[in-house]
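Engineer: Have a look at this one.
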Amino acid sequence: MKNLIATFILPLTLVLTSWSQAADRLTLEQAIARAREVSDAVHSSLEDVRIAQLQTNQASKLRLPMLDFTGSYIYTSEVMSQSSPATTIPLGLGQSVTIPGRDIVFGDHHNVDFKVQVTQPIFTGFRLQRTWRAARETVKVRQAEAERLSFQVRVQTEQNYLNLQRARAVLEISHVQVQTLERHLEVARHRVREGVALAEFVSRAEYALSQARLNLQQMQQHYDLAKLTLMEQLKLPPETDPELDTLRLISPDTTDKDLSYAQAHRAEFRTLKAQAGAAEHRIQAQRGPLYPALSAFGAVDYGRPGVDMIQNDWMLYERAGATLSWTLWDWGIRKNKVQEVQAARRQLEDANNLFESQVRLQIAAAKLALNTGQQRLEVTAQGQRLAADILHWVENRYREGVATEDEYQDAQSELLNSQINAIVALADYRLAQVALIAALGGE
């Protein structure tokens, strides 16, 4: 009997011992780093930043002098021709000069021209400067968006990692539950063979074991799904089974932070601020056509016939000048464009107010979940201590032959259930911490 009892009693303090062969260790920090490294969304956002920087560089160059080279060749076909007769001009004293006649051809000539020209905008109604500043603000928008996506990957990875930690811990306890009931069934069958228990005792043990195995299958499914989710995010083979960090309690340091902290640390607020700045510069740029635009140019031409159509020779000559343009009437197009950008800026103000309201609600909900999670931790910890005390008391009575196998089995099951409740409460508390971090922003 003592041997059977010794076989039946399990070292419940070792419930969380690893039961499977794990691959290389994967810490939370490593998972976050890899998730960011392989994230297509993060890579795309960094390319958006690069594109915005290139566009800013282009906008800044528009204010500088531009050097252009052009070459042209034009052939004009003959239109008509006319012959002029020879002309004799008397000079006096019996002398004269004869001017020979010639054929005058209209068309049938070749025009060749090569030109190098420098153009410098002098005043554009501040359009170029404002466009460049708007482009700089757009870079800030893209950078903030990249930071948001990177932070979002961090939050998602931590959530997936915690879900996998919880699923693995619960699965390990489910394995122990099955093993415990298998040992209990062995004891039940032995007692029936000895004639000290009824066959009903075996049936109850078999039923309890079948329920535990069904629960184990469900926990295995939850674990497989949680692992698949994390492996898919990290772009690792589905069969990868890494060793994870132990799920443990971490004291929060963000419970005293509020909306002002989120406004300083969440990338979305920086995005809205930069978008508002870009909209303001675009408004000023759209007002540029209200002013005249002035530019100067200088060019060196080399061509044939040049400026002497009669000689029709190759010539090198220079040109310089200025261009003044001013749209005096455009049927309200400029005004409409300004109003369009102003409306977009007002939309950004409304979006900022709406987002502040959403973040305020997210922070309040996360803090409420955190407080509830703290209370659950205290309750489950107390329940686990009570379940351990009850098992110890029932175990002593069982050794003395006073308690039944059902009582002993129930005490063991209650302890295992209390450990599952503690693990779930701890994981939920950690997830609430992640939700609060996500609401407040910052790394």
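Please treat every number below as a calculation from the coordinates, not as lab data. Every value quoted in this text rests on a predicted model; they were computed, and no experiment measured them. FYI the Cβ positions are ideal-geometry reconstructions off the backbone, even for glycines, and counts take in every protein chain you see.
Engineer: Specify whether the C-alpha gyration tensor of segment 219-270 places it in the rounded, prolate or oblate class, a ≥ b ≥ c being the square roots of the eigenvalues: rounded for a/c under 1.5, otherwise prolate if a/b is larger than b/c and oblate if not.
Structural biologist: Since a/c reaches 1.5 and a/b is larger than b/c, the shape of segment 219-270 is classed as prolate.
Engineer: Shifting gears a bit: Under a GNM of the chain (C-alpha, springs under 10 Å), which listed residue has the highest mean-square fluctuation: ARG136, ARG154, ARG183?
Structural biologist: Ranking ARG136, ARG154, ARG183 by mean-square fluctuation puts ARG183 first.
Engineer: Would you calculate a helix-derived [θ] at 222 nm for the chain, using -39,500 (n - 2.57) for each DSSP H run of n ≥ 4 and dividing by the full residue count, to the nearest 500?
Structural biologist: The per-residue figure over the chain is -22500 deg cm²/dmol.
Engineer: First select every other residue whose beta carbon is under 11 angstrom from the beta carbon of THR70; then total the charges, Lys and Arg +1, Asp and Glu -1.
Structural biologist: After counting each charged neighbour, the total is -2.
Engineer: Also, quick follow-up: May I ask for the net charge around ARG148, where only other residues with Cβ less than 9 Å from the Cβ of ARG148 are counted and Lys, Arg are +1 while Asp, Glu are -1?
Structural biologist: Net of charged neighbours comes to -1.
Engineer: Now, a different point. Considering just Cα atoms, how many Å³ per residue does the convex hull of the chain enclose?
Structural biologist: Considering the Cα atoms of the chain, their hull volume per residue is 249 Å³.
Engineer: Report the relative contact order of segment 119-268, percent, no decimals, based on alpha-carbon pairs under 8 angstrom and at least 6 residues apart.
Structural biologist: About 32 percent, as a whole number.
Engineer: Tally Lys and Arg at +1 and Asp and Glu at -1 over the other residues with C-beta under 15 Å from the C-beta of GLN117: what net charge comes out?
Structural biologist: The answer is -2.
Engineer: Next question. Where does segment 275-372 land on the Kirkwood hydrodynamic radius, alpha-carbon pairs, in angstrom?
Structural biologist: 19.3
Engineer: Over the chain, what relative contact order in percent results from Cα pairs under 8 Å that are six or more residues apart?
Structural biologist: In percent, rounded to a whole number, it is 22.
Engineer: A further question on this structure: Take the alpha carbon gyration tensor of segment 225-309, find the square roots of its eigenvalues, order them as a ≥ b ≥ c, and report rounded if a/c is under 1.5; if not, report prolate when a/b exceeds b/c, else oblate.
Structural biologist: Judged from the Cα gyration tensor, segment 225-309 comes out oblate (a/c at least 1.5, b/c at or above a/b).
Engineer: Alpha carbon centre of segment 193-216 versus segment 21-62: separation in Å?
Structural biologist: Between the Cα centres of segment 193-216 and segment 21-62 lies a distance of 56 Å.
Engineer: So for segment 159-266, taking the charge dipole from beta-carbon charges (+1 Lys/Arg, -1 Asp/Glu), which of THR229, LEU244, SER210 sits furthest toward the positive end?
Structural biologist: Selected residue: SER210.
Engineer: Now for a separate question. Sequence gap at least 6, Cα distance under 8 Å: using those rules, report the relative contact order of segment 179-315 to the nearest whole percent.
Structural biologist: Worked out over segment 179-315, it gives 9 percent.
Engineer: Assuming a ≥ b ≥ c are the square roots of the Cα gyration tensor eigenvalues, decide whether segment 109-153 counts as rounded (a/c under 1.5), prolate (otherwise, with a/b larger than b/c) or oblate.
Structural biologist: It is oblate, given that a/c is not under 1.5 and a/b is not larger than b/c.
Engineer: Of ILE333, ILE283, ILE32, which is the most mobile in a GNM of the chain whose springs link Cα atoms less than 10 angstrom apart?
Structural biologist: In this elastic network of the chain, the residue with the biggest mean-square fluctuation among ILE333, ILE283, ILE32 is ILE333.
Engineer: Roughly how many debye, to the nearest 20, is the charge dipole of the chain about its Cα centre, given +1 on each Lys and Arg Cβ, -1 on each Asp and Glu Cβ, and no other charges?
Structural biologist: 1280
Engineer: With springs only between Cα atoms under 10 Å apart, run a GNM on the chain and tell me which of THR124, THR70, THR372 wobbles the most.
Structural biologist: THR70
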